[in-house]
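Report on the following structure.
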Amino acid sequence: MIRFSANLSLLFRELPLLERFAAARAAGFGAAEIQVPYELPAATLAAAARAADLPVVLINAPLGPQGAPGMACRREHRALFRAGLVRAAEYAHALGAPCVNVLAGPAAPQERAACLEQLAEGLSHAAEALGAAGARPLLEPINPLDVPSYCVASFELAAATLARCDSRVALQFDVYHAARMGLDPAAAFTAMHALTAHVQFADSPGRHEPGCGALSFEHIFAAIESSGYQGWTGAEYHPSTPDTRASLGWLTR
């Protein structure tokens, strides 16, 4: 059976962050994930998660300067990246989060080879830094339509990068990004599930809840379930209504 987690950075935004844990639990989610937890102390978030009996299974490492989509591939930000991993490890430890999404960052076409080399180095360092906190780093491919400059814009490139990294580094598979890459998300997941430690989803186009776009989530969820995947499957979408609860028909079904 698929285990669903709620991304509290996107869902239940009508509530303060600390109140979203209980709301997600009441809605039927079994876990939470947070894109950017650093706005509040880790101990405060951990207390809210315990009170709601909702474990945190994923956080993101700090983003790059000026909100860049990560910095793991940028040699000029190597010191800042490593400092960010220290902070991510502190939060992962306090929250008991087993996975940390380490975003690759931007890379122009002419510098991609050098950036990929730096990325492999950065992810392997992340495996050491996060491993001490009981967590592992994840690499997420992001579609080139939404983020044109992103360093890792395909699953093939992600798999090749993972082959150069510490074995503790795994794939974060996002259904929405797969669809925006022009792929059948179910087939893409089947091809990548052996590398995958966490799954996220949203419908496409629009990045709203299942049923708002063109994707067949019955087919996608069946592929995930039949694969033997044991991780969490995170709802990471922008609700199409102001009240997140009104967007959860897919969960009750």
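Descriptive notes on the structure:
- Single residue of the stretch 31-55 satisfying the filter (free of Cβ contacts under 8 Å to residues at least 40 places away in the same chain and among the small types (Gly, Ala, Ser)) that is surrounded by the fewest Cβ atoms within 10 Å (Cβ to Cβ): Ala51
- Cross-chain or 6+ apart pairs with Cβ under 6 Å, the stretch 113-135 first and in contact (Cβ under 8 Å) with a residue 12 or more places away in the chain, then in a helix (DSSP H, G or I) and among the small types (Gly, Ala, Ser): Ala129/Ala89; Leu130/Ala89; Ala133/Ala89; Ala133/Ala92; Ala135/Ala92
- Among the residues of the stretch 136-162, those identified as of a type outside the set (A, V, I, L, M, F, W, C), surrounded by fewer than 20 Cβ atoms within 10 Å (Cβ to Cβ), farther than 16 Å from Gly64 by Cβ and in contact (Cβ under 8 Å) with a residue 12 or more places away in the chain are Pro144, Asp146, Ser154.
- The residue of the stretch 125-135 that is surrounded by the fewest Cβ atoms within 10 Å (Cβ to Cβ), among those that are under 18 Å from the mean Cα position of the chain (by Cα) and under 14 Å from Arg164 (Cβ atoms), is Ala127.
- Among all residues of the stretch 163-185, there is at least one that is crowded, with 19+ Cβ neighbours inside 10 Å, polar (S, T, N, Q) and either modelled with pLDDT under 95 or closer than 21 Å to Ile59 by Cα (or both).
- Verdict on Leu58 being touching a Gly at 6+ places or on another chain (Cβ under 8 Å), under 22 Å from Ser154 (Cα atoms), in contact (Cβ under 8 Å) with a residue 40 or more places away in the chain and not in a loop (DSSP other than H, G, I, E, B): yes
- Across the stretch 58-83, the number of residues qualifying as touching a helix residue (DSSP H, G or I) at 6+ places or on another chain (Cβ under 9 Å) and crowded, with 17+ Cβ neighbours inside 10 Å comes to 13.
- Unique match (being among the basic types (Lys, Arg) and within 24 Å of Glu218 (Cα to Cα)) among Arg13, Arg3, Arg50: Arg3
One line per residue, one yes/no per condition, for (1) part of a helix (DSSP H, G or I); (2) hydroxyl-bearing (Ser, Thr, Tyr); (3) more than 19 Å from the chain's Cα centre (by Cα):
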| position | (1), (2), (3) |
| --- | --- |
| Thr44 | yes, yes, yes |
| Ala83 | yes, no, yes |
| Ala88 | yes, no, no |
| Ala94 | yes, no, no |
| Glu117 | yes, no, yes |
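- Of the numbered criteria (1) within 24 Å of Asn60 (Cα to Cα); (2) in contact with a Gly (Cβ under 9 Å, 6 or more places away or on another chain); (3) hydroxyl-bearing (Ser, Thr, Tyr), the one Thr233 fails is (2).
- The stretch 206-219 - residue that is closer than 19 Å to Asn7 by Cα and within 20 Å of the chain's Cα centre (by Cα) and, of those, surrounded by the most Cβ atoms within 10 Å (Cβ to Cβ): Glu209
- Residues in the stretch 211-253 that are more than 22 Å from Gln35 (Cβ to Cβ), touching a Ser or Thr at 6+ places or on another chain (Cβ under 8 Å) and either in a loop (DSSP other than H, G, I, E, B) or of a type in the set (Asp, Glu) (or both): Ala214, Ser227.
- Conditions (1) surrounded by fewer than 14 Cβ atoms within 10 Å (Cβ to Cβ); (2) in a helix (DSSP H, G or I): number failed by Phe189: (1)
- Among the residues of the stretch 241-252, the one identified as of a type in the set (S, T, N, Q), over 21 Å from Leu58 (Cα atoms) and surrounded by 15 or more Cβ atoms within 10 Å (Cβ to Cβ) is Ser247.
The values are calculated or read from the model by the stated rules, or taken from the named source; none is laboratory data. Bear in mind that the values here come from a model prediction, so they are computed numbers and not experimental data. Heads up, the Cβs are rebuilt from the backbone with ideal geometry, glycines too, and the neighbour counts pull from every protein chain shown.
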